[in-house]
Every structure is written in C-alpha cells, then in structure tokens.
Amino acid sequence: MTKKRFKKKERGFALVVAILLLVVMTIMGSTLVALVSNDFKENDRRDYYQQALYAAETGITQAKFDLQSLATSGMPTAQTTPWSGWPAWCSASRFNKLDKNKVYLVKNLPIEVKINTQIISSDTNEDKKYQRYSYYYFITNTPDISGDSKNIKVKSVSTVGSVGSNIGESSQYKSQGSSTAQLYSIFSCARGEDDTVVALDVVVLLKK
C-alpha cells in the first residue's frame, strides 16, 4: 500500500513539474515572439524614416533648381499665402525657425509630389511603395531671429564663381568678400508609410 501511494505521489509531482515547465516555456516563447516582433517593427520604422528622409532631400534638391530658375526669370516679391490649401503635414509649425504668422513666400508647390512620378521602376511592388511617399516644399526669405521672413537678408561672400543664378548652401561661402548674396530658406517635408514625416530646412545663398 505504501509503495502504491508513493508512486501516486511521484506521478502527481511529475505532473506538477511538467505543467510548470510548460508554463515557463510558454512565457519564454511569448516573450521571444514579442521581442522579435518589436525588432521587426523598429526596423520598419527606421526604413520608413530613411525613405522619407530621402524624399525630403529630393524636395530640397528640386527647390534649389526652382530657385535657380526664378533667379534667371526674375525673383518674385515674397507674399503671404493662406495655409489652408497646403498639406497639413508640412505647415510652418513644423519648423522652429518660422513664425507661422509671419511667413512670406517666395515660392511654394501647388500640391505635394509623389515620389513614384519621379522614379521609374519596372517592379510593380516597388512602384506601389513609392506611391506611399511624397514631398512638399516652400521657399522664403531666410527668417530673422523672430521667425519673420518678410525682408531679404544679404551676406558678403567670396567673389569666386559666377553670379546671378549661382546658388549654394551658406557653409560653402566665405564670411567676407567683395560680393553680396541674398539668403533664402528652403523648407521641405516628406511623408511616407505609417504616416512618417521628416522635415528639413536649409539656407542657400544666391549671388547678386
């Protein structure tokens, strides 16, 4: 009788141990799955940000071409423009350098530009991905310390190179020289998957 009871106790103990091991393994498996899932999500977020960053940089490049063209044809006077028709994800409030109530535009896009319209891809899946990314930019006189972009700012620069439509970023020029340049700011935003938004701005100089 005693041996039978002992065996029953052993079987009962083994069952408890087996259940505990099963619970522990289940918890470990769930934790591992959650960690892997979070890693995938983080990788996706990094990829979305990187792609949006490329799109915003494309906007900066296109805006420079736009500014060069304006310099050749005649630079317009900066004007205030209502923000109501612009994409909400690229408003002045995204840029700390701007006071949204004192934005005077030299140029802005009428609508956002889809990346797939500028990148030709024979891969259907790749083209669908590009459709999810777009950029938008606007150009102002470089704002002053209060964020007001109404007035044109000028800077002395090196006389090396041509003038008129010669454009470059401020860091490329000497702080003193016998020529002057007008300062303009380009504000570019890009939106991508998972509503990822990247905002960039750069100051460029246009030699007079």
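The values are calculated or read from the model by the stated rules, or taken from the named source; none is laboratory data. Just so we're clear, the structure is a prediction, and the values are computed from it rather than from any experiment. Cβ: placed from backbone, ideal geometry, glycine included. Neighbour counts: every protein chain shown.
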Residue identified as modelled with pLDDT of 85 or more and not charged (D, E, K, R) among GLN62, GLN118: GLN62
Residues satisfying the stated conditions in the range 77-91, i.e. surrounded by fewer than 13 Cβ atoms within 10 Å (Cβ to Cβ) and closer than 30 Å to ASN116 by Cβ: PRO82, SER84, GLY85, ALA88
Odd one out for TRP86 among (1) modelled with pLDDT under 85; (2) farther than 18 Å from ASP201 by Cα: (2)
Some residue of the range 112-119 being free of Cβ contacts under 8 Å to residues at least 12 places away in the same chain and surrounded by fewer than 19 Cβ atoms within 10 Å (Cβ to Cβ): yes
Residues satisfying the stated conditions in the range 92-104, i.e. free of Cβ contacts under 8 Å to residues at least 60 places away in the same chain and either surrounded by fewer than 18 Cβ atoms within 10 Å (Cβ to Cβ) or at positive phi (or both): SER93, ASN96, ASP99, LYS100, ASN101, LYS102, TYR104
Within the range 145-208, strands (runs of 3 or more DSSP E) holding 3 or more residues that are modelled with pLDDT of 65 or more and in contact with a Pro (Cβ under 8 Å, 6 or more places away or on another chain): 179-191
Subset of the range 130-148 [touching a residue at least 24 places away in the same chain (Cβ under 8 Å) and over 24 Å from GLN68 (Cβ atoms)]: ARG132, TYR133, SER146, GLY147, ASP148
